[in-house]
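Notes follow once the structure below has been shown.
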Amino acid sequence: MSPKTNPSTLTKPTYNASGRSFSGWLGGKSQLARTIIEMMPEHQHYCEVFGGAGWVLFKKSASTLETINDVNGDLINLYRVFKYHPDALEKEFETQLISREEFERLKAENSKSLTDIQRAARFYYLLRTCFGAKIAEPNFFSHVERKPHLKLGDELKTVLSTIHQRLQKVNIENRNFDTLISKMDRPDTLFYLDPPYYNCENYYGKDIFSRTDFEKLRDLLKNIQGKFILSLNDVPAVRELFEGFYFHTKQIRWSLNSNSQDENNGKELIITNFEIPE
């Protein structure tokens with residue numbers, strides 16, 4: 001414990017079964033959130049380094065201090081609008097239709113010409129109407145037996161209100177992972193890290209996270225003061241990279257193909273720098 005830490009500010013979060021993110025996400029931790037949250041030790045500051053859809057944040061009770069970060073500027077702008085302008089965002093969808101033509105129009109639109117609220121509405125629309133919540137080169141989702149993922153009207157208002165309330169005391173950052181970890185590292189900080197899966201580095205866009213960044217991340221985590229929980233796909237290369245830390249395994253399904261019979265599908269490796277009591 002840090003000498004300057006007031007013990008009363010240390011928290012051990014609990015799992016909130018009703019908590020929901022605003023989006024699905026390849027590798028999104030909706031299925032793994034409970035396992036991760038139950039592993040969390042007491043801490044003062046919870047820092048989610050690769051925020052994505054924030055499933056763990058939305059599924060956990062609040063810590064004394066909380067930060068969510070992502071290098072994707074469109075995503076972080078959406079978080080800010082969720083937090084500060086939910087009513088304005090809802091208004092953008094009052095006359096919106098779910099259609100392939102509208103999807104392609106917004107996909108082709110230059111987001112730099114938009115206001116922050118228009119930019120957030122565009123990104124949210126594409127995210128909720130594309131296949132697999134794929135934010136790099138998305139394709140319109142249409143299915144003969146499934147409803148669209150985008151909620152409109154009163155349903156959207158409920159979604160936005162819930163997200164808005166949860167983010168009220170959350171600090172929102174837009175930094176590279178190494179810069180953020182160095183800035184936030186304290187003995188009473190708990191980092192949760194959910195980088196792109198190994199061999200899926202380009203899924204979220206080119207130059208977002210590279211193969212060599214795994215080594216950079218590992219070397220950084222070797223020397224932090226705080227504690228961390230890192231989740232990755234369980235493949236031999238990951239085990240070799242992070243040898244020396246504590247390993248925990250979990251089987252989930254994360255493939256975009258729900259009919260996949262691959263026996264390795266959803267083998268998750270949770271890596272920590274502290275022991276988890278049995």
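How do 168-177, 106-115, 239-248, 64-73 rank on mean C-beta neighbours within 10 Å, highest first?
Working: 168-177: 16.0, 106-115: 11.6, 239-248: 13.6, 64-73: 19.9.
My ranking of the peptides, most packed first, is 64-73, 168-177, 239-248, 106-115.
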#### Entry: Residue among Ser111, Ala53, Asn72 farthest towards the positive dipole end of the stretch 1-138, charges placed on Cβ
Ala53
### Query
Lys/Arg Cβ at +1, Asp/Glu Cβ at -1, dipole of the chain taken about the Cα centre: which of Pro7, Gln165, Leu32 is farthest positive-ward?
Gln165
### Message
With +1 assigned to the C-beta of every Lys and Arg and -1 to the C-beta of every Asp and Glu, and no other charges, what is the dipole magnitude of the stretch 73-168 about the Cα centre in debye, to the nearest 20?
### Response
260 debye
### Summary
Mean separation of Cα contacts under 8 Å (at least 6 apart) over the residue count of the chain, i.e. the relative contact order in percent, is 20 percent
### Task
Sort largest first and round to whole Å: the equivalent ellipsoid semi-axes of the stretch 73-168, each the square root of five times a Cα gyration tensor eigenvalue.
20, 16, 12
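As a test of the definition: which semi-axes, in Å, follow for the chain when you take the square root of five times each eigenvalue of its alpha carbon gyration tensor? Largest first, please. Before the final figure, lay out each step's value.
Values: eigenvalues 194, 101, 61 Å².
With the √(5λ) rule applied to the chain, the semi-axes are 31, 22, 18 Å.
Read-outs: derived from the displayed coordinates by stated rules, not from any lab. From a predicted model like this one, the values you see are computed outputs, not experimental measurements. So basically every Cβ, Gly included, is an ideal-geometry build from the backbone, and we count neighbours across all protein chains shown.
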